[in-house]
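Chemist: One structure coming up, written as structure tokens, with questions to follow.
Readers should treat all values here as calculations from the given coordinates under stated rules, not as data from a laboratory. Because the structure is predicted, anything quoted here is derived from the model rather than measured. Here the Cβ positions follow ideal geometry from the backbone for every residue, glycine too, while neighbour counts run over all protein chains shown.
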Amino acid sequence: MPDLPAACIAPSLLSADFARLGEEVRTVTAAGADWIHFDVMDNHYVPNLTMGPMVCAALRPHIQVPIDVHLMVEPVDTLIPAFAQAGADIISFHPEASRHVDRSLALIRDQGCKAGLVLNPATSLQWLDHVMDKLDLILLMSVNPGFGGQSFLPHTLAKLAAARRRIDEWQAQGGQAIRLEVDGGVKPDNIAAIRAAGADTFVAGSAIFGQPDYPAVMQALRAGITEGDTRRRTASHGPDDAATMLR
Ligand code: DX5
Ligand code: ZN
């Protein structure tokens, strides 16, 4: 089984203290965050309302790492240039929320950002079939979008493994690098299995924000990722080994 790309941890601001967002992003990046995950909800595509491009622009000078904008909005196209101008580095959206998925992906890259597609727990990987060349990121939701603090849906492990196979096959044919991100219910006690299943980028909201010691949580998450790498290396391709890997 090929080694996975180096892991990225992307703390989700959804669980941060909204009265102290600047301080929160500085503290969490000092604790080792690789990206900042920025959840945009519109009370239309999802039943909650969060932050827009103005908040992203205000935080940009306080964030020295990539800003990973997760659009949970419908429609998506008008917000893409707005977030690009607000300093987003990566912009991803849900295919059900765009009339023209290929066009929205192209628009993100035209704006100079990396492009991602987000698949809900019940959304098929088949959405990836004809857009692999336009993707820099595939984000699999491991909860239904809209709220932080929900439990990881275990069927996501098999879906991650299937998405990892697609990415590996794509790259073996000469395709570009595509990151595989997971979002929802990621904790120190399940991140090893999630890594072993093939994820390389981990969103974590309630696991980090609100905890007393951000560096300690980041360290626990990284230890779990290392454990996941060990499980992959010791697993072969047999069904028993696959079960061990995903335990
Ligand atoms: C959910 C959001 C997530 C959320 C994750 O709709 O997209 O990014 O913040 O929060 P936790 O890690 O608490 O599940
Ligand atoms: Zn998110």
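Chemist: Explain nothing, just the number: dipole magnitude of the chain about its Cα centre with +1 on each Lys and Arg Cβ and -1 on each Asp and Glu Cβ, in debye rounded to the nearest 20. The partial results should precede the final answer.
Modeler: Details: 20 positive and 28 negative charges, 47 e Å.
Approximately 220 debye in magnitude.
Chemist: Right, another one. How large is the charge dipole for segment 105-180, taken about the Cα centre, if only the Cβ atoms of Lys, Arg (+1) and Asp, Glu (-1) carry charge, to the nearest 20 debye?
Modeler: Details: 8 positive and 6 negative charges, 30 e Å.
That gives a dipole near 140 debye.
Chemist: Would you kindly state how much longer the chain becomes between GLN64 and ALA106 on full extension, computed as 0.36 nm times their sequence separation minus their alpha carbon distance, in nm to one decimal? Don't skip to the end; give the middle numbers.
Modeler: Working: separation 42, 0.36 × 42 = 15.12 nm, distance 2.59 nm.
Between GLN64 and ALA106, full extension yields 12.5 nm more.
Chemist: Could you line up SER104, SER15, SER124, SER142 from fewest to most neighbouring Cβ atoms inside 10 Å?
Modeler: Values: SER104 23, SER15 20, SER124 11, SER142 26.
Result, fewest neighbours first: SER124, SER15, SER104, SER142.
Chemist: Once the other residues with Cβ under 10 Å from the Cβ of PRO2 are scored (Lys, Arg +1; Asp, Glu -1), what is the net sum? Don't skip to the answer; put the middle values down first.
Modeler: Numbers: positive: ARG164, ARG232; negative: ASP3, ASP168.
With Lys, Arg at +1 and Asp, Glu at -1, the net is 0.
Chemist: 7 Å from Cα along Cα→Cβ at both ASP229 and ALA177: what's the point-to-point distance in nm?
Modeler: 1.5
Chemist: Same structure again: Rounded, prolate or oblate: which fits the chain when a ≥ b ≥ c are the square roots of the eigenvalues of the alpha-carbon gyration tensor, with rounded for a/c under 1.5 and prolate only if a/b beats b/c?
Modeler: Working: a/c = 1.70, a/b = 1.17, b/c = 1.45.
Oblate, since a/c reaches 1.5 and b/c is not below a/b.
Chemist: A follow-up question, please. Can you give me the long-range amide H partners of ARG179? Hydrogens built in the peptide plane at 1.01 Å from N, cutoff under 5 Å, separation of 5 or more residues or another chain.
Modeler: When sequence neighbours closer than 5 places are left aside, the close amide H contacts are LEU137, ILE138.
Chemist: Quick one: what are the phi-derived ³J(HN,Hα) couplings along segment 16-25, Karplus 6.51/-1.76/1.60 with θ = phi - 60°, whole Hz, x for glycine and proline?
Modeler: 6, 6, 5, 7, 9, 4, x, 5, 4, 5
Chemist: Only Cα pairs within less than 10 Å get springs; with that Gaussian network setup on the chain, which residue of LEU180, LEU119, LEU128 has the largest fluctuation?
Modeler: Residue with maximal mean-square fluctuation among LEU180, LEU119, LEU128: LEU128.
Chemist: Calculate one ³J(HN,Hα) per residue across segment 4-13 by plugging θ = phi - 60° into the Karplus curve 6.51 cos²θ - 1.76 cosθ + 1.60, and present them in order as whole Hz with x for glycine and proline.
Modeler: 7, x, 3, 7, 10, 10, 10, x, 8, 5
Chemist: Additional query: For segment 127-132, what does the Karplus curve 6.51 cos²θ - 1.76 cosθ + 1.60, with θ = phi - 60°, yield as ³J(HN,Hα) per residue in whole Hz, taken in order and with x for Gly and Pro?
Modeler: For segment 127-132, the Karplus-derived couplings read 4, 7, 3, 10, 10, 4 Hz, x marking Gly and Pro.
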